Every structure is written in C-alpha cells, then in structure tokens.
Amino acid sequence: MSLKALGSGASEPEAKTGVIRLYCHRFCPFSHRAVLVAFHKNIPVEICNINVKDKPDWYLKKSPSGKVPLLEKDGRVLSESLVIAEYLDSVSDGAPLIPRDPFDKALDQMFLESLSLFPILKIHFENERRAEFFEDFIVKVKPLVDELTKRGRKFLAGDEQPGFVDYMIWPFFHHYLALREIYPELQLPRTAVLDSWIASMQQEPAVKELVDVKIYAEFLKLYMEAKYDFDLGL
Ligand SMILES: N[C@@H](CCC(=O)N[C@@H](CS)C(=O)NCC(=O)O)C(=O)O
C-alpha cells in the first residue's frame, strides 16, 4: 500500500474484499493510535497515507471531515481514532488490549476521557504560544503521573505489556519527544513513574515501528515553516 501520501492527483487504490484499510498520515498522533493496535496485534491492515494538505476528492467523499485516521472495510468506513482502535482490538486474535472485565474497561475509558493532552499538539500550529501550551501540557500530564503512581505497575494496564489505555496515550508523548528534539527546553518535570513509563513504552516493538522521532521532529520543523512533507524519510 502507499506509504507515500496520496494527494489530489492520486487515484484511489483498488480495495480488496475482506481487507481492512487504514487511511492515515505518518505524523498524525491519532493515526498512531490505530496503527499501534494493528502493530501490537499483528493485524494485517493496508496502510494508505493521505496528504491532508491536498486531499484527493475520492477521500473527501469517504470522509466528509477529511480527517485521518479512517478505517475502511468492504465499502464501510469508521472514523475517530478511539473507535477505530477499539474495533481493531475486538476483531483481532490474541489477548485483547482492552480489559475483559467490564468494570476495568470502564475505569480505563473514564481515565482516557478525563485526560486531555491536546496542548502538546497545538505547538506546531501556533509556535509563538509554545511556552504557554507547554505549561498547560505539564498541568495536563499530572493526572497521568497520579494514575501511574496509583496503579503502581510498569504500564497502566499491567506489568507484562501495554494495554489499550497505554497505547491511546502514547502518541501524545511520541509527539512531545519529537518537539523536544527541536526545543530541548521543553522538559516535563522529572518523576520516576513517568520516566519509567516512557522508557518502557519506547522498548515496545509496536512503538518502535512508528516514524522515527528525529524524522518526526524534522516534519514538525518544516510544518512550522508552512512546508508540508508527508513523505519525509521515505
Ligand atoms: N478526533 C479525531 C481527530 C483526528 C485528526 O484531527 N486528524 C488530523 C491529523 S493528526 C487531520 O486529519 N487533520 C486534517 C484536517 O483536519 O483536515 C480522531 O481522534 O481521530
């Protein structure tokens, strides 16, 4: 499938019956949520990257909001990263990433809904407000530190491996680490639990499959100069 981002001139790749296609872009934290589940569970998906600054008309017909990620299977589509990630977890083999216990599942959902790490995603849109957004991010990370402390485990989901809740949060940190390559002064206050969670997540094979942090940083740097290179590093 097309790792190179498809833009307005590109034709739609032919769909195959029964195959899950994920429309993404390589530097999108929301797309990363979906691909992390697919990578972790070895789900055979077609990844089709979209140039979101120059979207093909056929893509806009599938996704009126024009956003990625979008999942398509047999002519039907799903949008919203959390919905897509949950769908992928539920249709794949192997131990589910979402807790089987409904109460534990609800607790994770409640925590995910309460966590609002979006300030870190605002910096490359309004770089002049970088310090303000980062201060806000520091405040918003605090509940994660508290939750990691309360659960007292390697990952939020347990000691063995990350769960859905970890993977849904990680893309905000991947983005943060990329920004920190450009602005080393963007340092979260050091706490043993968060440092250890970040280090453990970085060791996960699914996380290692995401775009390299240095290339991500270069993408963001160019983005802030209004240069959009969705194929950087390919
Ligand atoms: N709430 C959506 C957000 C998705 C989103 O904002 N995607 C961005 C890329 S990271 C996008 O498609 N932007 C292009 C646009 O809005 O035109 C989700 O969780 O999937």
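Bear in mind these aren't lab numbers, they're just calculated from the coordinates by the rules spelled out. Not measured: the values here are computed from a predicted model. Cβ: placed from backbone, ideal geometry, glycine included. Neighbour counts: every protein chain shown.
Residues M110, M224, M168, M201 in ascending order of nearby Cβ atoms (within 10 Å, fewest first): M110, M224, M201, M168. Segment K61..K150, full-extension length gain: 27.5 nm, with 0.36 nm per residue of separation and the alpha-carbon distance subtracted.
Projecting the Cα atoms of G94, Y223, L186 onto the charge dipole of the chain, computed from C-beta unit charges around the Cα centre, puts Y223 farthest toward the positive end. Using the Cβ-Cβ distance between R129 and K53 with R0 = 25 Å, the FRET efficiency computed as 1/(1 + (r/R0)^6) comes to roughly 0.70.
Helix check for the chain. Which DSSP H runs span at least 24 Å along their own axis by Cα, with a mean Kyte-Doolittle hydropathy no less than 0.0? Write out the running numbers ahead of the final one.
Values: long enough: 130-151 (32 Å, -0.25); 164-182 (29 Å, 0.52).
Long hydrophobic helices here: 164-182.
How long are the three semi-axes of the equivalent ellipsoid for the chain, computed from the Cα gyration tensor as the root of 5 times each eigenvalue, in whole Å, largest first? Working shown, then result.
Details: eigenvalues 157, 115, 41 Å².
Semi-axes (√(5λ), whole Å): 28, 24, 14.
With only Cα atoms counted, region 118-217 has Rg and Dmax values of 13.5, 41 Å. Give me the one-decimal nm value for the distance between modelled label points at S116 and V91, 7 Å along each residue's Cα-to-Cβ direction. According to this spin-label approximation, the distance is 3.3 nm.
Once R0 is set to 35 Å, what does the formula 1/(1 + (r/R0)^6) return for the Cβ-Cβ distance between A106 and A192, expressed as a FRET efficiency to the nearest 0.05? Here the calculated transfer efficiency is 0.80.
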